[in-house]
1. Going by the structure shown, is Leu352 farther than 21 Å from Pro111 by Cβ and touching a helix residue (DSSP H, G or I) at 6+ places or on another chain (Cβ under 7 Å)?
2. In the stretch 182-206, how many residues are at pLDDT 95 or above and of a type outside the set (S, T, N, Q)?
3. Please count how many residues of the stretch 234-263 are open to solvent by 10 Å² or more (accessible area, probe 1.4 Å) and among the hydroxyl-bearing types (Ser, Thr, Tyr).
4. Search the stretch 115-152 for residues being in a strand (DSSP E or B), touching a residue at least 40 places away in the same chain (Cβ under 8 Å) and under 16 Å from Ile187 (Cα atoms), and hand back the single one that is farthest from the chain's Cα centre (by Cα).
5. For the stretch 232-262, how many residues meet the condition of being part of a strand (DSSP E or B), out of contact with any helix residue (DSSP H, G or I) (no Cβ under 7 Å at 6 or more places or on another chain) and farther than 12 Å from Asn297 by Cα?
6. May I ask you to list the residues in the stretch 276-311 that are open to solvent by less than 40 Å² (accessible area, probe 1.4 Å), within 23 Å of Leu189 (Cβ to Cβ) and at pLDDT 90 or above?
7. Of all residues in the stretch 298-332, count the ones that are in a strand (DSSP E or B) and among the charged types (D, E, K, R).
8. Can you find a residue in the stretch 216-226 that is touching a residue at least 60 places away in the same chain (Cβ under 8 Å), in a strand (DSSP E or B) and open to solvent by less than 40 Å² (accessible area, probe 1.4 Å)?
Amino acid sequence: MDNQQIQDLMERFQTGKCTRSELVQVRYLVHEFRENEPSGLSELELESIREEMQTAIDRELAFVVLKPKRLLRLNVRWAVLAAAGVAFMVLFVYFFKDPLHYKRFANDIGPGSNKAFLVLNGGERIRLEGANIGLLAMEADTRVVKTGDGKIVYTDHPGGASIAEMNRIETPRGGNYKISLPDGTMIWLNAASTLTYPISFNGRGERRVKLSGEAYFEVSKDRSKPFLVESNGQVVEVLGTHFDVRCYADDNETRTALLEGSVRLITPPVGPPSLNTVGKSVAQRSVVLKPGDMALNLGAKIGVRQADVVSAVAWKDGEFSFRNESMENIMKQISRWYDVEVVFENNNTAHLSFGGSISKYEDLSSVLHMLELTGDVKFKLEGREVTVL
């Protein structure tokens with residue numbers, strides 16, 4: 001198994017494309033590479049797994065070990081390092097799940113949950129996680145209902161009069177929520193986010209909402225009424241598609257990831273107005289995204305690249321998923337979801353890059369332990385402050 005094969009295997013693992021037999025191979029490599037880390041397994045279990053992984057590799061890749069076991073381990077470690085790179089470590093979180101065998105912080109913190117506040121047009125504020133299932137409010141002809149699976153659904157009369165009223169849904173740090181707008185558009189709102197929207201689209205030429213934070217959209221098709229998401233100096237315009245927008249105030253960029261369909265990203269000009277070839281002022285810039293594209297809006301410029309957009313939206317399905325993500329960005333996500341403050345003791349650590357995935361519904365100790373398995377970071381938890389050592 002040469003370096004290129006290992007690198008390809010790591011790529012498939014990070015993007016969730018490993019077959020069952022390839023996951024077996026990854027597990028073997030993890031144990032060989034991190035044999036001194038606590039795994040929660042006995043020596044007998046480790047030896048059994050080691051033999052199991054070796055058998056799988058022999059069978060799947062016709063890989064024959066011709067050198068002593070000790071030399072093989074050294075080669076495996078070197079090959080994994082070569083494949084991963086100096087600043088890029090992989091979190092093999094599937095393989096160390098036993099909570100009895102890693103350190104728990106005395107003041108461990110549980111994960112976030114399905115909670116939010118609904119703010120009605122008149123200013124009434126409803127705490128959704130404590131609200132009864134059923135009708136929450138009537139706004140003109142629009143019904144606002146909380147369903148049994150914990151989402152908010154708006155329904156109105158398609159032929160009804162235009163309604164100017166606006167509602168707002170706010171998720172706190174440590175919360176997320178799902179909402180269905182009157183046109184059938186589904187929206188997942190991530191932690192520490194706010195979505196403002198009209199309670200009806202009747203009589204409107206467009207469907208415009210405003211976002212702060214992060215949300216995933218599955219937009220119902222209506223060619224007569226484009227759907228627009230206004231966020232942090234940009235507008236995403238669609239007819240019907242699946243996409244994610246992240247625009248937190250403490251991020252350096254606004255990310256727009258497209259999974260399905262097509263969207264147009266529009267931004268206002270930066271600096272003094274420029275002139276086009278016929279002498280008219282250029283009012284805006286725009287780019288069109290294709291499925292698999294991620295746009296990074298830095299204010300002064302927009303970059304578009306092919307990206308692992310499935311990882312970008314894994315949060316809505318209950319996972320943290322990182323691919324070449326800086327520790328700074330990882331800890332921002334952890335901070336919002338567990339409602340903790342993060343302090344870096346060494347700023348250099350903030351720029352290390354990591355990849356991997358873990359359930360969002362693990363306790364904080366478990367998530368931090370998985371990061372510590374890389375060998376590059378340690379953590380201290382005091383109250384609700386996490387220090388990255």
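1. yes
2. Residues that pass the stated criteria total 8.
3. Taking the stretch 234-263 as the starting set, the residues that turn out to be open to solvent by 10 Å² or more (accessible area, probe 1.4 Å) are 235, 237, 239-240, 242, 246, 248-253, 255, 259-262.
Okay, now just the ones that are also among the hydroxyl-bearing types (Ser, Thr, Tyr), so 248, 262.
Within the stretch 234-263, residues that are open to solvent by 10 Å² or more (accessible area, probe 1.4 Å) and among the hydroxyl-bearing types (Ser, Thr, Tyr) number 2.
4. Residues of the stretch 115-152 in a strand (DSSP E or B): 117-119, 125-127, 134-139, 142-146, 151-152.
Within this subset, residues satisfying the condition of being touching a residue at least 40 places away in the same chain (Cβ under 8 Å) are 117-119, 139, 142, 144.
So of that shortlist, the ones also under 16 Å from Ile187 (Cα atoms) come out as 117-118, 144.
On the way: Phe117: 22, Leu118: 23, Val144: 28 Å.
Top of the filtered list is Val144.
5. 5
6. Leu289, Asp293, Met294, Ala295, Leu296, Asn297
7. Of the residues in the stretch 298-332, 4 are in a strand (DSSP E or B) and among the charged types (D, E, K, R).
8. Among the residues of the stretch 216-226, at least one is touching a residue at least 60 places away in the same chain (Cβ under 8 Å), in a strand (DSSP E or B) and open to solvent by less than 40 Å² (accessible area, probe 1.4 Å), which makes the answer yes.
The values are calculated or read from the model by the stated rules, or taken from the named source; none is laboratory data. What you are looking at is a predicted structure, and each value in this text was computed from that prediction instead of being measured. Note that each Cβ is placed from the backbone with ideal geometry, even for glycine, and that neighbours are counted across all protein chains shown. Side chains are part of the model used for accessible areas, which takes the heavy atoms of the whole protein and leaves out ligands, DNA and RNA. Shrake-Rupley method; radii C 1.70, N 1.55, O 1.52, S 1.80 Å.
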